[in-house]
Amino acid sequence: MKNIILFAFLILSVTLYAQNEFFPQKIESAFKSKYPNTKIDNWYGENDLFFVEFYLNGSFCTAVFDNEGLWKETSEVISELDLTSVLQEYVSNNFPYGIISYCEKVETNSSESFIRINIENNNKTVVLKSDYEGKNIEILKNEK
């Protein structure tokens with residue numbers, strides 16, 4: 001039993017060390033510049049983008065940077081209850097069997113701000129984009 005616990009601790013330590021070891025300095029610097037005094041909770045890279053997860057004012061957020069450290073967007077997870085009645089009604093009318101996976105407020109480097117809603121609907125993932133008022137709703141993704 002001691003060997004199993006020691007092995008698990010060793011794997012965890014190596015994983016945490018490797019994650020910190022290979023976190024690109026450009027990304028860390030860009031993050032610290034955008035969000036000074038904010039602790040990085042987790043990060044990962046995918047398709048030449050880096051996703052940095054952190055908490056800001058008690059909300060879970062993800063900042064996205066390209067591999068040169070250019071900030072692309074930050075999203076803040078929000079509750080389904082934070083959606084306007086217009087958005088809630090649109091989802092229930094158009095995706096009656098859909099389940100909202102998560103909702104987020106998004107701010108981009110082009111000063112665009114919007115709501116993004118991920119819905120699981122009949123084994124498909126649907127992603128909606130809307131302004132904060134629930135107008136100008138568009139489907140960004142509707143696929144398996």
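The values are calculated or read from the model by the stated rules, or taken from the named source; none is laboratory data. All figures in this text were calculated on a predicted structure; none of them were measured in a lab. Neighbour counts run over all protein chains shown; Cβ positions are idealised from the backbone, glycine included.
Details
- Matching option when the condition is of a type outside the set (Ser, Thr, Tyr), modelled with pLDDT of 95 or more and surrounded by fewer than 17 Cβ atoms within 10 Å (Cβ to Cβ), among Glu107, Glu143, Glu133, Glu46: Glu107
- Subset of segment 39-70 [outside any strand (DSSP E or B) and within 16 Å of Gln25 (Cβ to Cβ)]: Asn67, Glu68, Gly69, Leu70
- Residue count, segment 102-124 (criterion: in contact (Cβ under 8 Å) with a residue 24 or more places away in the chain and within 19 Å of Glu73 (Cβ to Cβ)): 11
- Matching residues in segment 30-66 - criterion: being closer than 18 Å to Ser113 by Cα and aliphatic (A, V, I, L, M): Leu56, Ala63, Val64
- If you go through segment 101-144 and keep only what is farther than 23 Å from Ala63 by Cβ, in a strand (DSSP E or B) and of a type in the set (A, V, I, L, M), you end up with Ile119, Val126, Ile139.
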